[in-house]
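This report refers to the structure that appears directly beneath it.
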Amino acid sequence: MAKSLSILFVTSEVIPFAKTGGLADVSAALPLALTELGHDVRIVVPKYGTVSERRNRIHEIKRLKDIPIMVAGEETMATVKSSQVVNSRAKVQVYLVTNDKYLEPVKGIYQNPTTGKDFPNNDERFIFFQKSVLETCIRLGWRPDVIHCNDWQTALIPVFLKELYAKDNFFAHTRVVFTMHNLAYQGSFPASTFEKTGLSPKLFAGNGLEHGGNINFMKAGIVYADAVSTVSPTYAKEILTPAHGFGLEGVLKKHKEKLFGIMNGVDTEIWGPETDKLIDTKYSRASLEGKFENKTALAAKFNMVADLDTPMVGMIGRMVAQKGYDLIVDAIDELAKAGIQLVIMGEGEKKYLAALEKAARKYKNIGLVPGYDEEMAHQIQAGSDMLLMPSQFEPCGLNQLYALAYGTVPIVHRTGGLADSIVDYNPKKGAGNGFAFTQYDTAGLLEALKRAIALYRDEEKWEALLQSIMEEDHSWKASAADYVEKMYRKP
């Protein structure tokens with residue numbers, strides 16, 4: 001039997017402390033799944049100013065106070081506090097890093113909530129966080145077998161470990177892995193940021209941290225990590241091309257021997273209609289009538305009346321082009337007249353929000369929730385008959401996996417993790433778990449929706465589809481084991 005591992009999971013967001021997207025869900029669910037497999041897992045995350053110590057039961061750790069961290073040639077003190085993420089089967093220790101310069105006074109994660117723009121000192125904020133992570137291990141006297149870094153906000157950790165701590169045996173046997181959740185966000189900063197890291201100038205040029213004249217945090221993680229992954233097998237192939245590599249495809253090709261694609265999973269305790277505490281009526285494959293009760297409750301929130309003959313279609317996602325909002329806005333009149341009720345929730349670019357607000361005023365069968373609300377996200381999953389995910393590109397996607405668990409049929413653009421998880425329904429064979437379109441345009445979207453509506457009209461076939469998709473297992477068990485065997489254990 002292989003020995004258990006000690007794993008430090010480093011992330012910029014994790015529920016319930018901070019969330020802007022799916023990374024926060026993964027950052028809680030994967031460590032819990034790894035703990036269930038018998039490993040010693042701990043999480044490190046920044047404690048932003050919006051994180052409530054009382055509500056999240058955060059406690060001080062005496063020996064982790066006033067840790068000096070050098071950023072941009074100045075010493076800044078870090079303080080690390082403690083909490084937990086838990087489910088009924090496991091619990092994981094969480095260390096929250098904060099200070100009175102970069103984190104505690106800031107009422108936002110990456111962006112100023114008032115202006116919607118990135119904080120101008122995000123480079124310093126996350127250099128500080130990453131250095132604090134390694135110093136926390138030393139202060140604790142805890143030598144993890146694996147440090148698992150996630151996205152650009154943690155991508156300098158393998159560089160710091162192998163360059164700044166090269167002569168220190170503390171991390172001599174620590175393997176560093178790096179997961180890219182979305183290559184569109186790379187942590188690219190002006191060359192002047194490099195000096196703030198305290199790294200040797202020789203590391204900047206050539207095959208080091210420089211990319212397009214800037215310092216690129218994500219490139220650093222790809223080059224320096226012992227293993228690199230992204231969040232679905234198809235996306236792992238797509239990012240080797242100019243269309244999806246966002247300028248890093250050459251770097252990825254050079255390091256493709258250590259690149260893996262591992263599909264995200266679902267925390268079935270949080271996302272499951274039989275146990276969900278945030279929906280109006282719990283239900284299961286054996287009691288699908290409860291789904292209509294949730295549909296009725298959801299419709300009422302938008303002054304609609306639920307109808308067995310009219311499908312409720314939900315959409316949850318950031319209002320950006322990546323998530324397909326250009327298609328939604330272009331097709332909004334056709335969607336309104338397609339014989340559906342449509343509920344959309346998201347926050348992002350003002351042009352999309354303004355267009356959807358106009359549509360919601362014009363059409364009584366369109367409901368809009370500006371912003372993001374966790375409870376409403378669960379209610380949309382439970383109350384919808386179908387879920388739209390027309391993403392231009394999608395590294396993995398979680399909402400389509402949640403939808404399957406709730407008997408909500410996904411309608412997706414065939415790309416990335418959506419291509420890996422959703423099989424287009426074949427009416428002749430009665431096989432498939434959703435509706436997918438290949439060509440990224442409004443015609444493809446509307447054609448897939450039309451096919452879904454046609455099947456919805458056939459009550460017997462539709463219920464058979466729901467029974468089938470709700471039986472699928474998309475839990476973290478298999479994916480967590482893949483991380484251990486493919487990335488954590490040395491080849």
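The values are calculated or read from the model by the stated rules, or taken from the named source; none is laboratory data. Please read these numbers as outputs of a predicted model, since none were measured by experiment. Cβ: placed from backbone, ideal geometry, glycine included. Neighbour counts: every protein chain shown.
Residues that are within 30 Å of GLU394 (Cα to Cα) and touching a His at 6+ places or on another chain (Cβ under 6 Å): which strands (runs of 3 or more DSSP E) entirely in the range 1-100 hold 1 or more of them?
So the answer is 6-10.
Restricting to the range 270-281, and then to whatever is within 23 Å of the chain's Cα centre (by Cα) and surrounded by 16 or more Cβ atoms within 10 Å (Cβ to Cβ), can you tell me which residue is modelled with the lowest pLDDT?
By that ranking, first place goes to ILE270.
Quick check on this structure: which one of ILE109, ILE69 is closer than 29 Å to ALA480 by Cβ, of a type in the set (A, V, I, L, M) and touching a Ser or Thr at 6+ places or on another chain (Cβ under 7 Å)?
ILE109
Taking SER284, is it among the hydroxyl-bearing types (Ser, Thr, Tyr) and either within 17 Å of the chain's Cα centre (by Cα) or assigned by TED's automatic domain parsing to the domain that holds ARG361 (or both)?
The answer is no for SER284.
Of everything in the range 163-193 that's small (Gly, Ala, Ser) and surrounded by fewer than 19 Cβ atoms within 10 Å (Cβ to Cβ), which residue is modelled with the lowest pLDDT?
ALA166
Output the number of the condition that ARG143 fails; it satisfies all remaining conditions of (1) farther than 14 Å from VAL10 by Cα; (2) in a helix (DSSP H, G or I); (3) touching a Phe, Trp or Tyr at 6+ places or on another chain (Cβ under 7 Å); (4) not hydrophobic (A, V, I, L, M, F, W, C).
Only one criterion in (1) farther than 14 Å from VAL10 by Cα; (2) in a helix (DSSP H, G or I); (3) touching a Phe, Trp or Tyr at 6+ places or on another chain (Cβ under 7 Å); (4) not hydrophobic (A, V, I, L, M, F, W, C) is unmet by ARG143, namely (2).
State whether one or more residues within the range 341-359 are within 25 Å of GLU463 (Cα to Cα) and free of Cβ contacts under 8 Å to residues at least 24 places away in the same chain.
no
With surrounded by fewer than 24 Cβ atoms within 10 Å (Cβ to Cβ), in contact (Cβ under 8 Å) with a residue 12 or more places away in the chain and not in a helix (DSSP H, G or I) as the only criterion, which of LYS429, LYS490, LYS450 stands out?
The match here is LYS490.
Tally up the residues in the range 194-218 that are in contact (Cβ under 8 Å) with a residue 24 or more places away in the chain and buried (at least 18 other Cβ atoms within 10 Å of the Cβ), please.
11
Condition first: part of a helix (DSSP H, G or I) and surrounded by fewer than 17 Cβ atoms within 10 Å (Cβ to Cβ). Now tell me which residues in the range 293-320 satisfy that.
ALA297, ALA300, LYS301
How many residues, within the range 307-322, are in contact (Cβ under 8 Å) with a residue 60 or more places away in the chain and under 18 Å from LEU387 (Cβ atoms)?
Total satisfying the criteria: 9.
Please work out which one of (1) in contact (Cβ under 8 Å) with a residue 40 or more places away in the chain; (2) under 30 Å from SER468 (Cα atoms) is the condition VAL228 fails and give its number.
The one condition VAL228 does not meet is (2).
Applying the selection to the range 211-222, what residues are at pLDDT 95 or above and out of contact with any helix residue (DSSP H, G or I) (no Cβ under 7 Å at 6 or more places or on another chain)?
Hit for the range 211-222 is ASN216, nothing else.
Just to be sure before I move on: is TYR235 in the same structural domain as LEU455 (by TED's automatic domain parsing) and buried (at least 18 other Cβ atoms within 10 Å of the Cβ) in the structure I sent?
no
Looking only at the range 45-83, which residues are at positive phi and either crowded, with 16+ Cβ neighbours inside 10 Å or more than 28 Å from the chain's Cα centre (by Cα) (or both)?
ASP66, ALA72, GLY73
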